[in-house]
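The values are calculated or read from the model by the stated rules, or taken from the named source; none is laboratory data. Just so you know, these numbers come straight off a predicted model, no measurement behind them. As a convention, Cβ positions derive from the backbone with ideal geometry for all residues, glycine included, and neighbour counts pool all protein chains shown. Protein only, heavy atoms only, side chains kept; ligands, DNA and RNA dropped before computing areas. Shrake-Rupley method; radii C 1.70, N 1.55, O 1.52, S 1.80 Å.
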Amino acid sequence: MSEPRPPQPKPLPQPEPLAKPYWDSLNAGALQLQRCDRCERFVFYPRALCPHCGSRALTWRRVSGRGRLHTFCIPYRHPSPAFQPDLPYVVAQVELDEGVRMMTNLVGVEPDPARLMPLIDKPVEIVYEKVNDQITLPKFRPV
Ligand SMILES: [Zn+2]
């Protein structure tokens, strides 16, 4: 009989300098997004240029962390052993009140399509999942 393998750590984000304010804000329990000074639209993910108008004038702004569930899927298998203990879980796309969409996890609800379908387009709010001193992940839960 073989010993059970120790749990494998999940791969973590490797923040680039451009995205440092985003990751710093999550570590501080807040959400910051870039907003274009020229066309006044929010931008996500962090970038050097506004994808709407090409301006380089992007300013970090604190936002509410509220939005609506746009869509979801439920993985039942994962190629990495690190994710096996979590299966199944909810991968979600959330449309923030600022008009940008984030890929995230929906937590606080069973990973069951019958429970999730009624939540489409319903309000969700951010929860901050601290992984270590450098990384806090933004997840969302139904309001
Ligand atoms: Zn712009």
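Would you confirm, using the coordinates I've provided, whether P88 is at pLDDT 95 or above, surrounded by fewer than 18 Cβ atoms within 10 Å (Cβ to Cβ) and in a helix (DSSP H, G or I)? First the steps, then the outcome.
Values: at pLDDT 95 or above: yes; surrounded by fewer than 18 Cβ atoms within 10 Å (Cβ to Cβ): yes; in a helix (DSSP H, G or I): no.
Taking the combined requirement at face value, the residue does not satisfy it.
Return the residues of segment 45-71 that are within 12 Å of the ligand (Cβ to nearest atom), open to solvent by less than 80 Å² (accessible area, probe 1.4 Å) and within 14 Å of V100 (Cα to Cα); say none if nothing qualifies.
Of everything in segment 45-71, those that are within 12 Å of the ligand (Cβ to nearest atom), open to solvent by less than 80 Å² (accessible area, probe 1.4 Å) and within 14 Å of V100 (Cα to Cα) turn out to be R47, C50, P51.
From the list G99, G54, G29, which one is under 27 Å from D133 (Cα atoms) and not acidic (D, E)?
Details: G99 fails: under 27 Å from D133 (Cα atoms); G54 fails: under 27 Å from D133 (Cα atoms).
Going through G99, G54, G29 in turn, just one is under 27 Å from D133 (Cα atoms) and not acidic (D, E): G29.
Considering only residues that are open to solvent by less than 30 Å² (accessible area, probe 1.4 Å) and charged (D, E, K, R), which ones fall in segment 126-143?
The one that is open to solvent by less than 30 Å² (accessible area, probe 1.4 Å) and charged (D, E, K, R): K139.
Residues are listed down the side, and each one gets a yes or a no for (1) among the charged types (D, E, K, R); (2) at pLDDT 95 or above; (3) more than 23 Å from P7 (Cα to Cα):
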position: V43; (1), (2), (3): no, yes, yes
position: C50; (1), (2), (3): no, yes, yes
position: G54; (1), (2), (3): no, yes, yes
position: F83; (1), (2), (3): no, no, no
position: D97; (1), (2), (3): yes, yes, yes
position: Q134; (1), (2), (3): no, no, no
position: P138; (1), (2), (3): no, yes, no
position: V143; (1), (2), (3): no, yes, yes
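For segment 12-44, which residues satisfy the criterion of being more than 16 Å from T136 (Cβ to Cβ), away from the ligand (no atom under 14 Å from the Cβ) and either of a type in the set (A, V, I, L, M) or assigned to a loop (DSSP other than H, G, I, E, B) (or both)?
E16, L18
Can we say P15 is open to solvent by 40 Å² or more (accessible area, probe 1.4 Å) and either modelled with pLDDT under 95 or under 14 Å from I135 (Cα atoms) (or both)?
On the way: open to solvent by 40 Å² or more (accessible area, probe 1.4 Å): yes; either modelled with pLDDT under 95 or under 14 Å from I135 (Cα atoms) (or both): yes.
Yes; evaluated as a whole, the condition is true for this residue.
Could you tell me whether A82 is within 16 Å of the ligand (Cβ to nearest atom), exposed (fewer than 14 other Cβ atoms within 10 Å of the Cβ) and among the small types (G, A, S)? Talk me through it step by step, then tell me what you get.
Working: within 16 Å of the ligand (Cβ to nearest atom): no; exposed (fewer than 14 other Cβ atoms within 10 Å of the Cβ): yes; among the small types (G, A, S): yes.
Answer is no for this residue.
Determine, yes or no, whether E110 is charged (D, E, K, R), surrounded by 12 or more Cβ atoms within 10 Å (Cβ to Cβ) and more than 11 Å from the chain's Cα centre (by Cα).
no
Within the set of pairs 6+ apart or on separate chains, which have a first residue in segment 113-139 that is among the polar types (S, T, N, Q), a second that is part of a helix (DSSP H, G or I) and open to solvent by less than 50 Å² (accessible area, probe 1.4 Å), and C-beta atoms under 8 Å apart?
Listed by first residue and then by second, the contacts come to Q134/W23; T136/W23; T136/L26.
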